[in-house]
Amino acid sequence: MADPDQDGNGNGNEDGQDGYARADDARAAVFRDRLADRLVAEGAVTTPEVAAAVRAVPRHVFTPGLSLEQAYANQVVFVKRDRSGVPTSSVSAPDIQAIMLEQASIQPGMRLLEIGSGGYNAALMAELAGPDGEVTTIDIDPAVTERARRCLDEAGYADVRVVTADAEDGVAAGAPYDRIVVTVEAWDLPSAWIGQLTPRGRVVVPLLLHGMTRSIAFDREDDHLVSRSTQLCGFVKMQGTGSHAEEGLALNDGDLVVDADDLRAIPDAARIEAHLRTPRAERWSGIRVWRWEPWDTLPLWLATAFPGYCQLTVVVPGAPAVPGPPGAPGTEPLEPALAVATPAVATATGFAHLIARPSPDGRIELGAHAFGPDADALAAELAAGITAWNDDQRLGPGPVITAWPIDAPVPQADLLVARKHVRLAVNWPPASM
């Protein structure tokens, strides 16, 4: 009878366990290669350096309890939620992490700061910075940083510095940084982040602007930041001093929500509800887009063109514009173009939002529904705004977004948005001839 402490080769149990460990490592390496190949094929990874980092870092160590298939799937892994079930910490989806690292363009020997600590992204940054680089990662939640420290040590990245603190003040001890990569949704850009960059430093940040979160790569130019690239994304929200409560108007007892960067720029809930009780006007633009097509510049273009820009969310699917007997004005179900945060315009004399309908070729046509005394005119104006975006900006490079200290002279801009620390300026390139 075989000794239970011997494997089939007559080795002791310890050697057998080492064999199992080597087999598991080999299986994990196969999954890492598959993930890297997928990210390259989908365009999230565009450089050999980021591909090599994905192949090197054992993501499964940072997602304990998951199978290798799950650990290396292109999906977010939530590691902590608040009492309401809202995620407060996560290991982000590999594709958005790769996109942001490509935006960051990290070079060997750089000093790096990560804001929002899941551990895995800090390890990827450490691979890119190499043995001569330095990586610091910060999070406000001690449970998150303890977990990150444990996982980083287990994965072989003990040199990554983990700090527990509010990121509003950055981490002065490790400054100046060549790159700051923010992995939580930010509403503002604290002065410390700009001040702790090197003169040619770059910050990559998921910035919430007019209802959409974009990963923006900003380069420092003297006292302000200038955007170099943008990508749509989604992240858990910033906590601590930099947190920001979303502003919104609840309509029809909460069936609908209208939110805006500044609620003072749009009418109150009662006025919008009054508009919604009037007959609806409809106007189609003739502009068609693919459902998968990134037309995220359209909302920001409309925000530039319409001072009353806001976003409409139908909380209860199929909810009417206003409650009432069937057939009364406004009681037909709203049909916004998007399930959440559909671009809309609210003025003293009307309310309008984007709509969409399928086209025979599989695309969707964009248009507008409008309500209120000026419904016809507002629907036509919103449809014209869609057409102008299509003609002038749809295939263009997108806007340049700059961030200026809030106490600096007001810059010239097509659109200005004030935050606590910075004033965001949006400028569109001239229309192509």
> In the set VAL340, VAL345, VAL322, VAL316, which member is outside any strand (DSSP E or B), β-branched (Val, Ile, Thr) and touching a strand residue (DSSP E or B) at 6+ places or on another chain (Cβ under 7 Å)?
Replying inline: VAL340
> Residues in region 290-297: is at least one more than 16 Å from LEU249 (Cα to Cα), at pLDDT 85 or above and hydrophobic (A, V, I, L, M, F, W, C)?
Replying inline: yes
> Would a scan of region 373-392 turn up a residue that is in contact with a helix residue (DSSP H, G or I) (Cβ under 6 Å, 6 or more places away or on another chain), outside any strand (DSSP E or B) and at pLDDT below 95?
Replying inline: no
> Conditions: (1) in a strand (DSSP E or B); (2) open to solvent by less than 20 Å² (accessible area, probe 1.4 Å); (3) within 22 Å of GLU381 (Cα to Cα). GLY286 meets all but one. Number of the miss?
Replying inline: (2)
> Given LEU366, LEU378, which one is open to solvent by 10 Å² or more (accessible area, probe 1.4 Å) and either in contact with a Phe, Trp or Tyr (Cβ under 9 Å, 6 or more places away or on another chain) or under 16 Å from TRP290 (Cα atoms) (or both)?
Replying inline: LEU378
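Every residue, every condition in (1) modelled with pLDDT under 95; (2) within 20 Å of the chain's Cα centre (by Cα); (3) in a loop (DSSP other than H, G, I, E, B), yes or no:
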site: GLY65; (1), (2), (3): yes, no, yes
site: ASN74; (1), (2), (3): yes, yes, yes
site: VAL79; (1), (2), (3): yes, yes, no
site: THR88; (1), (2), (3): yes, yes, no
site: ALA98; (1), (2), (3): no, yes, no
site: GLN107; (1), (2), (3): no, no, yes
site: SER117; (1), (2), (3): yes, yes, yes
site: ASP132; (1), (2), (3): no, no, yes
site: ALA143; (1), (2), (3): yes, no, no
> Which residues, taken from region 25-49, are outside any helix (DSSP H, G or I), open to solvent by 40 Å² or more (accessible area, probe 1.4 Å) and touching a residue at least 40 places away in the same chain (Cβ under 8 Å)?
Replying inline: THR46, THR47
> When region 341-363 is examined, which residues are found to be surrounded by 17 or more Cβ atoms within 10 Å (Cβ to Cβ), at pLDDT 95 or above and among the small types (Gly, Ala, Ser)?
Replying inline: ALA344, ALA346, GLY350, ALA352, ALA356
> Any idea how many residues of region 211-261 are assigned to a loop (DSSP other than H, G, I, E, B) and under 22 Å from VAL144 (Cβ atoms)?
Replying inline: 9
>> Being among the small types (Gly, Ala, Ser) and part of a helix (DSSP H, G or I) is the filter here; which residues of region 155-203 pass it?
In response: ALA155, ALA167, ALA172, ALA173, GLY174, SER191, ALA192, GLY195
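The values are calculated or read from the model by the stated rules, or taken from the named source; none is laboratory data. Since we're looking at a predicted model, the values are computed, not measured. Cβ sites come from the backbone with ideal geometry, for glycine too, and all protein chains shown count toward neighbours. The accessibility values were calculated without ligands, DNA or RNA, using every heavy atom of the protein model including side chains. Shrake-Rupley method; radii C 1.70, N 1.55, O 1.52, S 1.80 Å.
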